[in-house]
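Since every read-out is calculated from the coordinates, none of them should be taken as a lab result. Since the model is a prediction, treat every value here as computed from it, not as a measurement. With ideal geometry, Cβ positions are generated from the backbone for all residues, glycine too; neighbour counts draw on all protein chains shown.
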Ligand SMILES: Nc1ncnc2c1ncn2[C@@H]1O[C@H](COP(=O)(O)OP(=O)(O)OP(=O)(O)O)[C@@H](O)[C@H]1O
Ligand SMILES: [Mg+2]
């Protein structure tokens, strides 16, 4: 395993505003790194710095051991990128655009390109100006997936895709990963990257507040349970995997890790269950929980 991308103490300021505050991040070969954070957290700023579009105020970004800003053109020979907002030449067709994007990266339209067009079910004869957001995203994704690179960077790639196309995206992402490629995948929705990411980095207000594997961030996979019971639910206090327990008369709410979900639901059912609601925590709730744990406000 080699480190393909290494960000060290990166700070990016726009005049007086600090968009990135001393961030550290690594991307290894054959790894999918999920980069999660709410709107305005600094995901795209990080990515634009990686691409050498923005000059760091402080710190270093090394890709394949080279400097992201100074050696950008050399690095880009082995890097594929799909931006969050895809803008395309309005009067070219989707097909022409895919071929042009490939040509700009010294790539050729291949069998894989045709397979991708079919998989994403894109009508390539239409002009870009007639495409919806999702279709524009497909054009950029098809070009990126048929590019032979070492690092693939996707900035919120599935925000415009319907669930079927999201599955197509995941299929091709897994193929890249199986071929040992490195992938950075940004999103503001945890569930979008949970399935495919080996590691996750969480950014908020320009700072990385957590990095680790999903197992290491076990609490991310906790389920929120709200129930109305007929018996006395006090025993929940002693049950493993249960946290943030609130009991109010016959109403209970708590979080439980996936290993103990079954036990707790069985227990609730044994004391008499009038209603039950279980949900995965949202990104906001995870942040809130993180702040509670760290005592940071
Ligand atoms: N060129 C710029 N000049 C000034 N401020 C900027 C500039 N680019 C980004 N910012 C600010 O930096 C912060 C981070 O923006 P960024 O686009 O990186 O967020 P993001 O995590 O990608 O959010 P989103 O999920 O909405 O895409 C925001 O507060 C944004 O307004
Ligand atoms: Mg963004």
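Relative to the dominant Cα principal axis of the chain, helix 94-104 is inclined by about 70°. A Förster radius of 22 Å, combined with the Cβ-Cβ distance separating residue 115 from residue 53, puts the computed FRET efficiency at roughly 0.10. By definition, a body whose alpha carbon gyration tensor gives a ≥ b ≥ c is prolate when a/c is 1.5 or more and a/b is larger than b/c, and the range 106-248 fits this prolate description.
Peptides 29-35, 3-9 ranked from most to least packed, by the mean per-residue count of other Cβ atoms within 10 Å: 29-35, 3-9. Judged by the ratio a/c of the largest to the smallest principal axis of the C-alpha gyration tensor, the range 111-158 counts as oblate, that ratio being 1.5 or greater while a/b is no larger than b/c. Take the Cα of residue 269, step 7 Å toward its Cβ, do the same at residue 129, and the gap between the two points is 6.0 nm. A protection proxy built from the mean count of other Cβ atoms within 10 Å ranks the segments 222-234, 74-86, 141-153, 12-24, most packed first, as 141-153, 74-86, 222-234, 12-24. Highest average first, the peptides 199-206, 159-166, 58-65, 246-253 ordered by how many other beta carbon atoms sit within 10 Å of their residues are 199-206, 58-65, 159-166, 246-253.
When the helices of the chain are scored as -39500 (n - 2.57) per DSSP H run of n ≥ 4 and the total is divided over every residue, the value at 222 nm lands at -9000 deg cm²/dmol. Computed from Cα positions, the angle between helix 261-271 and the longest principal axis of the chain comes to roughly 30 degrees. Taking label positions 7 Å along the Cα-Cβ direction at both residue 66 and residue 3, the computed distance is 1.9 nm, reported to one decimal.
How would you classify the chain from its alpha-carbon gyration tensor, with a ≥ b ≥ c the square roots of the eigenvalues: rounded for a/c under 1.5, else prolate if a/b is greater than b/c, otherwise oblate?
In terms of gyration-tensor shape, prolate.
The DSSP beta bridges internal to the chain are antiparallel in roughly 70% of cases.
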